[in-house]
Amino acid sequence: MPRPQTKPDLLAAAAQGYDELSAFMESMTDKELETPFDFTRMKAKSEAHWARDKNLRDILIHLYEWHRLLLDWVRDCRQDGEQPSDGELPSDGKKLSGYRPFLPAPYNWKTYGAMNVEFWKKHQNTSLEDARKMLEVSHREVMALAETFSNEELFGRGAFPWAGNNALGSYFVSNTSSHYAWAMKKLKAHRKNCKQ
């Protein structure tokens, strides 16, 4: 499925991705739920997250925490009264004044892996059932928030100065359908391992 470029496509892809993830979770066997993730034999799975997440709870918490990042970021920018811009980004590609980093300090796009580890540590005592409930609630909140924006606000270039050079909708896509696809890839790899 191509990356959504419109509000209807964003909402449909997010709903479909969440439904697929939910259905996959429901289909997991006791063995799949009880067996710790181990991707060490899969040479192509070398990124840090393949070693970080050890079970379904870890994946759900990761998704939940990224939902919280999006929800908090938009809320904070809106509370500060930052409204949509009626202009385009400068032709030189520089960020508009008013840009607000998506990631909380001290993290940035080069160091966010450390933030993900902190999320993982924070939730080692969270139960799988609580993680499921937390993700369900945060998914609904993200979908409701996306509904409050027009298509132009979500995908218009430079609609919100605080989003910088990115369309606001790209943050929603990354934190919903794209992230759900990431989770499915990991869960399917785990299922494959459990069958071997």
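Only one entry of SER85, SER46, SER91 meets the criterion of being part of a loop (DSSP other than H, G, I, E, B), more than 18 Å from MET115 (Cα to Cα), modelled with pLDDT under 95 and open to solvent by less than 50 Å² (accessible area, probe 1.4 Å), and that entry is SER85.
Please verify whether segment 114-128 includes one or more residues that are among the polar types (S, T, N, Q), under 19 Å from GLU32 (Cα atoms) and open to solvent by less than 40 Å² (accessible area, probe 1.4 Å). Taking every residue of segment 114-128 in turn, at least one turns out to be among the polar types (S, T, N, Q), under 19 Å from GLU32 (Cα atoms) and open to solvent by less than 40 Å² (accessible area, probe 1.4 Å).
Does at least one position in segment 50-71 carry a residue that is more than 21 Å from ASN125 (Cα to Cα) and at pLDDT 95 or above? Looking for residues that are more than 21 Å from ASN125 (Cα to Cα) and at pLDDT 95 or above, one finds at least one in segment 50-71, hence yes. Could you please find all residues in segment 129-162 being polar (S, T, N, Q) and open to solvent by 60 Å² or more (accessible area, probe 1.4 Å)? THR148 - this is the single residue of segment 129-162 that is polar (S, T, N, Q) and open to solvent by 60 Å² or more (accessible area, probe 1.4 Å). For the condition among the hydrophobic types (A, V, I, L, M, F, W, C), at pLDDT 90 or above and in contact with a helix residue (DSSP H, G or I) (Cβ under 6 Å, 6 or more places away or on another chain), PHE155 qualifies.
Pairs are defined by a Cβ separation below 7 Å, a sequence spacing of at least 6 or placement on different chains, a first member in segment 1-14 that is touching a residue at least 12 places away in the same chain (Cβ under 8 Å) and β-branched (Val, Ile, Thr), and a second member that is assigned to a helix (DSSP H, G or I) and open to solvent by 30 Å² or more (accessible area, probe 1.4 Å); the pairs so defined are THR6/ASN151; THR6/PHE155.
The values are calculated or read from the model by the stated rules, or taken from the named source; none is laboratory data. Just so it is clear, the model here is predicted, and its values are computed rather than measured. Cβ atoms come from the backbone with ideal geometry, glycine included; neighbour counts cover every protein chain shown. Just so you know, the surface numbers come from the protein's heavy atoms only, side chains and all, with ligands and any DNA or RNA stripped out. Shrake-Rupley method; radii C 1.70, N 1.55, O 1.52, S 1.80 Å.
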